[in-house]
Every structure is written in C-alpha cells, then in structure tokens.
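Undergrad: My structure is below; once you've seen it, I'll send some questions.
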Amino acid sequence: MIMTTIRNLEGPSINKEKNTKFLVFFLHGWGSDGNDLIQIGEMWKHQLPNITFIAPNGPEVCSGNPNGRQWFDILNNNNEQSLEGLHKSYLDLKAYINSFLKKYNLANNQYFLVGFSQGTMLGLYTSLREKLLGIVGYSGAFLGSLPSSEIKKNDYLLIHGKNDNIVPIEKMYDAVEKLEPFSNYLGKEIYDNLEHSINEEGLLKGLTFIKERLKTKIK
C-alpha cells in the first residue's frame, strides 16, 4: 500500500476567535490563491457573525502561472494523473479542515465549502466523501467517480454563467445529473450574461444558502 504524504496547507483567514461556531472554507480556482476568495468572506462576515472564514492556498505551484497555485495539474494531458492529483488534494484538505474543527472544538460536520472553478471540482469531490453543512459551487464541474465506500449526502448550490467558455455550462448540467441522486438538496442558478466569474447576485445566493442552513443550527 502506497502511503500518501499529507501536504500542509496555509492561507488567509478571517478569525472570529471564541465566537466561532461554524467554518467556511473557500477553495480558489486554478492559478489563483486564497487571497482571491477570502474577499468573499470580507463581504459576508458581518452577516455571518459566528463563522470563521479560511481560504487555503492550493498545495502546488500552478503549472500555467508560477505566481499562482493549483489543486491539481490540468495541463498534463493525462486524465488519470489529474484525478490522482485531485484525490491527493482532497486528503490534504480533509486534514486541514480537521485541524480547524479540532482547534475550535467543533463537531466534524460544522463547516461549509465554497469553491470557484477548480476549487468547486475539489469541493464536489470532497462532499461525496465527507458530511458537512453545505457546498456552494461557482463555475465548476464534477470530476472523478463516485466513491466505492459510503456516499455522503449533502446540500448543494451550483451557480454558473451561460457564457462561461472556460468551464462550459454543460459541465454544471452534468454535475447536477451526477449529484442529484446523492444529495439532500440541490439548487442551481444560471445567469445568462455571465462568463467564468462570480457576480453580485451569485454572491447573495451563496450567502442566503448558508444562512438558511444555519437557521436550524443557531437557537
């Protein structure tokens, strides 16, 4: 059996210290880093006062942009190798999440994943293997296969632009088809004039999705 070495992730955070009851992990896109999506946390932090926001940098230097990071290589023209990289980043992320759950003394499902593009791909992969409070996926796709062991059922919100020429809208439809049988809730938002990015309305939808799931948790 091959032992996988867990790579230590790091990145910016917005720490609510002792008020932390839940966590949101932002998973950035290919060639970016945690500083990109932590900005969403800056927009959401006042409406989500009990959440600490964490935005890890991908574990690898981006193969197409040495100033950015990636979760796995997409330029190697080797699908099997890309999926191995995806699984490896899932193991890194799982260890990283668990370290923060332990730090704040939280139950092992008290977190959300919010991803963009490649980060959404990692988030969806993770969500089938881990129980959490919900996943918001912007401009992403479903990669890999269903886990052979128990599939975890979670809540999803997938948001995509019709004019996305990086990750075409068809990838979102494919993700819906794959995930729907294994979800407790799956919502989708499609924007006609949106390309490969996140718009203000999509940010509001993501915030609302999280707030709705916290209503049953915060008494």
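Undergrad: State whether one or more residues within region 44-67 are part of a helix (DSSP H, G or I), touching a residue at least 24 places away in the same chain (Cβ under 8 Å) and small (Gly, Ala, Ser).
TA: So far as region 44-67 goes, no, none of its residues is part of a helix (DSSP H, G or I), touching a residue at least 24 places away in the same chain (Cβ under 8 Å) and small (Gly, Ala, Ser).
Undergrad: Continuing with the same structure: Only helices (runs of 4 or more DSSP H) wholly contained in region 111-219 count here; list those with 2 or more residues that are in contact (Cβ under 8 Å) with a residue 24 or more places away in the chain and either of a type in the set (Asp, Glu) or over 24 Å from Lys21 (Cβ atoms) (or both).
TA: Values: elements: 118-127, 169-179, 200-215.
Result: 118-127, 169-179.
FYI, it's all coordinate maths here, none of it is from the lab. All of these numbers come straight from a predicted model, not from anything done at the bench. So basically every Cβ, Gly included, is an ideal-geometry build from the backbone, and we count neighbours across all protein chains shown.
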